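The values are calculated or read from the model by the stated rules, or taken from the named source; none is laboratory data. The structure presented is a predicted model; accordingly, all values stated were derived computationally and were not measured. Every residue, glycine as well, gets a Cβ built from its backbone with ideal geometry; the counts of neighbours run over all protein chains shown.
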Amino acid sequence: MSDFYFNIEEYILNHSDDEDTVLAELNRETNLKILRPRMLSGHLQGKILEMLSKMINPKKILEIGTYTGYSAICLAKGLKEEGLIHTIEINDEQEDFISKYLKKAGVENKVKLHFGNALNIIPTLSEQFDLIFIDGDKREYLEYYKLVFDFLKPGGFILADNVLWSGKIIELEKPDDEYTKGIFDFNGYIKNDKRIEKVILPLRDGLTLIRKK
Ligand SMILES: C[S@@+](CC[C@H](N)C(=O)[O-])C[C@H]1O[C@@H](n2cnc3c(N)ncnc32)[C@H](O)[C@@H]1O
């Protein structure tokens, strides 16, 4: 007799690896103590980010939007032995929280935390990246993309989260709020950019995979 599953996501999670215990604790504490916990990637997307990072096995990763550090830890798991992830967060209130979990996850030496506006910090990083995760302010996606493009190695990947914006992206021909417009402009620009290959994964809130030719 087969088990009963409440929904397809529950089935998927029950037939994938369990959430790492440190990440489950981070997830729980974020939900209890931090504002807007829905921003956290979570079990399914976190596992997919970890797997994509392991497939790419990058030396250098850049993340825009650390929040409480969940995705940074997942991405760090795929780094080469000597690899490093630079993660940028505009809000410095969660510094102790993030540092505590980077330590618990054993990745504190692989993660360089930056506090400030990614648009100001990125030009100061003299690095070339194999993988870039865009997960900051939705109104700034296109600006991030244009800024990071030259910092991405040929053959490197960009992952962009929330590109379906809870389905709002198809509600109006021309979006009337700044957040949906930010995603709308980004998706349109990406579609026509001949320097890249791209596909949207219908995962959670939509994740675009981009490869620089
Ligand atoms: C969706 S959350 C990130 C979630 C996180 N990547 C995860 O998966 O757990 C977006 C974060 O981006 C931060 N942010 C917004 N604009 C930013 C900017 N210009 N530079 C750096 N961080 C920014 C916000 O403060 C917020 O914590």
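Quick check: anything in the stretch 188-203 touching a residue at least 40 places away in the same chain (Cβ under 8 Å), farther than 17 Å from SER41 by Cα, of a type in the set (Ser, Thr, Tyr) and touching a helix residue (DSSP H, G or I) at 6+ places or on another chain (Cβ under 9 Å)?
yes
Of the residues in the stretch 113-125, how many are closer than 25 Å to LEU35 by Cβ and in contact (Cβ under 8 Å) with a residue 12 or more places away in the chain?
Result for the stretch 113-125: 8.
Residues in the stretch 66-73: is at least one among the polar types (S, T, N, Q), modelled with pLDDT under 95 and out of contact with any Lys or Arg (no Cβ under 8 Å at 6 or more places or on another chain)?
No, the stretch 66-73 contains no residue that is among the polar types (S, T, N, Q), modelled with pLDDT under 95 and out of contact with any Lys or Arg (no Cβ under 8 Å at 6 or more places or on another chain).
Considering only the stretch 126-166, how many residues are in contact (Cβ under 8 Å) with a residue 12 or more places away in the chain, away from the ligand (no atom under 13 Å from the Cβ) and either over 22 Å from LEU203 (Cβ atoms) or part of a strand (DSSP E or B) (or both)?
The total comes to 14.
So GLN94 fits all but one of (1) at pLDDT below 95; (2) exposed (fewer than 14 other Cβ atoms within 10 Å of the Cβ); (3) within 11 Å of the ligand (Cβ to nearest atom); what number is the exception?
Only one criterion is unmet by GLN94, namely (2).
Do you know which residues across the stretch 38-60 are within 12 Å of the ligand (Cβ to nearest atom), in contact (Cβ under 8 Å) with a residue 60 or more places away in the chain and on the phi < 0 side of the Ramachandran plot?
Of everything in the stretch 38-60, those that are within 12 Å of the ligand (Cβ to nearest atom), in contact (Cβ under 8 Å) with a residue 60 or more places away in the chain and on the phi < 0 side of the Ramachandran plot turn out to be SER41, LEU44, GLN45, ILE48, LEU49.
Exactly one of these conditions fails for GLU63: (1) assigned to a loop (DSSP other than H, G, I, E, B); (2) touching a residue at least 60 places away in the same chain (Cβ under 8 Å); (3) of a type in the set (D, E, K, R). Give me its number.
Single failed check for GLU63: (1).
So ILE64 passes all but one of these: (1) surrounded by 23 or more Cβ atoms within 10 Å (Cβ to Cβ); (2) farther than 23 Å from GLU19 by Cβ; (3) more than 8 Å from the ligand (Cβ to nearest atom); (4) of a type outside the set (Asp, Glu). Which condition number does it fail?
Single failed check for ILE64: (3).
Applying the selection to the stretch 75-91, what residues are hydrophobic (A, V, I, L, M, F, W, C), more than 19 Å from PHE149 (Cα to Cα) and either more than 8 Å from the ligand (Cβ to nearest atom) or touching a strand residue (DSSP E or B) at 6+ places or on another chain (Cβ under 7 Å) (or both)?
Scanning the stretch 75-91 gives LEU75, ALA76, LEU79.
For the stretch 167-208, enumerate the residues that are at pLDDT 95 or above, basic (Lys, Arg) and outside any strand (DSSP E or B).
Within the stretch 167-208, LYS181, LYS191, LYS194, ARG195 meet the criteria.
Under 7 Å between Cβ atoms, at least 6 apart or on separate chains: pull out the pairs that start in the stretch 87-110 with a residue that is closer than 26 Å to ASP130 by Cβ and end on any residue that is of a type in the set (D, E, K, R).
Pairs that qualify, where the first residue is closer than 26 Å to ASP130 by Cβ and the partner is of a type in the set (D, E, K, R), are THR87/GLU63; ILE88/GLU63; LEU102/GLU108.
Among the residues of the stretch 20-37, is any away from the ligand (no atom under 12 Å from the Cβ), modelled with pLDDT of 95 or more, buried (at least 18 other Cβ atoms within 10 Å of the Cβ) and not aliphatic (A, V, I, L, M)?
Looking for residues that are away from the ligand (no atom under 12 Å from the Cβ), modelled with pLDDT of 95 or more, buried (at least 18 other Cβ atoms within 10 Å of the Cβ) and not aliphatic (A, V, I, L, M), one finds at least one in the stretch 20-37, hence yes.
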